[in-house]
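The structure under discussion appears below in the form of structure tokens.
The values are calculated or read from the model by the stated rules, or taken from the named source; none is laboratory data. Note that the structure is a prediction, hence the values are computed from the model and not measured. A quick note on method: Cβ atoms are made from the backbone with ideal geometry, for glycine too, and the neighbour counts reach across all protein chains shown.
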């Protein structure tokens, strides 16, 4: 019984811990995923980073369009779920269990996020220091302070960094 309680506590802590670094797990709705990928104008073979990939829903949608995708997830349970859900696209999808703020980002054409507003300035700074530009930022629900978006539809904003 103690192992079950311990496992439950670890499960709860793994979902709460991520609040220190990003956003809580909240699945992105399919219309927002489709809108973001369409607005970004990515083509098959392009590389998308998803910072906080959760259950892998965006990774699956992007891979089905022929994109190469790298997803970062801090929660070990969600990282495992994302890895499992995307196994049919193993050659296109990489799931990294870890903190995207501290892990290196590979070269990419776009970044997809559903972060809290309080982290958007930090993300803006990180992208401005990112070595591989130009790059597009697809942000669901939250905007980058003091930066004009290129396009915005259905709560999804797209920014270009040069």
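In the set 14, 6, which member is part of a helix (DSSP H, G or I), over 18 Å from residue 120 (Cα atoms), out of contact with any helix residue (DSSP H, G or I) (no Cβ under 8 Å at 6 or more places or on another chain) and at pLDDT below 65? Explain how you work it out, then say what you get.
On the way: 14 fails: out of contact with any helix residue (DSSP H, G or I) (no Cβ under 8 Å at 6 or more places or on another chain).
Every option except 6 fails the conditions.
Yes/no per residue for (1) at pLDDT 95 or above; (2) over 12 Å from the mean Cα position of the chain (by Cα):
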position: 21; (1), (2): no, yes
position: 25; (1), (2): no, no
position: 28; (1), (2): no, no
position: 34; (1), (2): yes, yes
position: 46; (1), (2): yes, yes
position: 51; (1), (2): yes, no
position: 57; (1), (2): yes, no
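Residues being more than 14 Å from the chain's Cα centre (by Cα) and either buried (at least 20 other Cβ atoms within 10 Å of the Cβ) or assigned to a helix (DSSP H, G or I) (or both): count how many of those fall in segment 74-91.
Taking segment 74-91 as the starting set, the residues that turn out to be more than 14 Å from the chain's Cα centre (by Cα) are 76-77, 80-81, 84-91.
Then drop every residue that is not either buried (at least 20 other Cβ atoms within 10 Å of the Cβ) or assigned to a helix (DSSP H, G or I) (or both), which leaves 76-77, 80-81, 84-89.
The qualifying residues number 10.
Could you tell me whether any residue of segment 35-44 is closer than 21 Å to residue 107 by Cβ, buried (at least 24 other Cβ atoms within 10 Å of the Cβ) and touching a helix residue (DSSP H, G or I) at 6+ places or on another chain (Cβ under 7 Å)?
Looking through segment 35-44, none of the residues is closer than 21 Å to residue 107 by Cβ, buried (at least 24 other Cβ atoms within 10 Å of the Cβ) and touching a helix residue (DSSP H, G or I) at 6+ places or on another chain (Cβ under 7 Å).
Can you list residue pairs whose Cβ atoms sit under 7 Å apart, with the first residue in segment 45-60 being touching a residue at least 24 places away in the same chain (Cβ under 8 Å) and on the phi > 0 side of the Ramachandran plot and the second being part of a loop (DSSP other than H, G, I, E, B) and surrounded by fewer than 20 Cβ atoms within 10 Å (Cβ to Cβ)? Count only pairs 6 or more apart in sequence or on different chains.
Listed by first residue and then by second, the contacts come to 52/115; 54/25; 54/27.
With the checklist (1) buried (at least 17 other Cβ atoms within 10 Å of the Cβ); (2) out of contact with any helix residue (DSSP H, G or I) (no Cβ under 9 Å at 6 or more places or on another chain) in hand, flag the one item residue 158 doesn't pass.
Looking at each condition in turn, residue 158 falls short on (2).
If I ask for residues that are surrounded by fewer than 15 Cβ atoms within 10 Å (Cβ to Cβ) and either touching a residue at least 40 places away in the same chain (Cβ under 8 Å) or more than 16 Å from residue 116 (Cβ to Cβ) (or both), which ones from segment 133-146 would you list?
Selection gives 133, 134, 146.
Could you check, for segment 115-129, whether at least one of its residues is touching a residue at least 24 places away in the same chain (Cβ under 8 Å) and touching a helix residue (DSSP H, G or I) at 6+ places or on another chain (Cβ under 9 Å)?
Pass one, segment 115-129, residues touching a residue at least 24 places away in the same chain (Cβ under 8 Å): 115-117, 119-121, 123, 126-128.
Adding the requirement that they be touching a helix residue (DSSP H, G or I) at 6+ places or on another chain (Cβ under 9 Å) leaves 115-116.
There is at least one residue in segment 115-129 that is touching a residue at least 24 places away in the same chain (Cβ under 8 Å) and touching a helix residue (DSSP H, G or I) at 6+ places or on another chain (Cβ under 9 Å).
Tell me, which residue of segment 108-129 that is buried (at least 17 other Cβ atoms within 10 Å of the Cβ) and assigned to a loop (DSSP other than H, G, I, E, B) is nearest to the chain's Cα centre (by Cα)?
114
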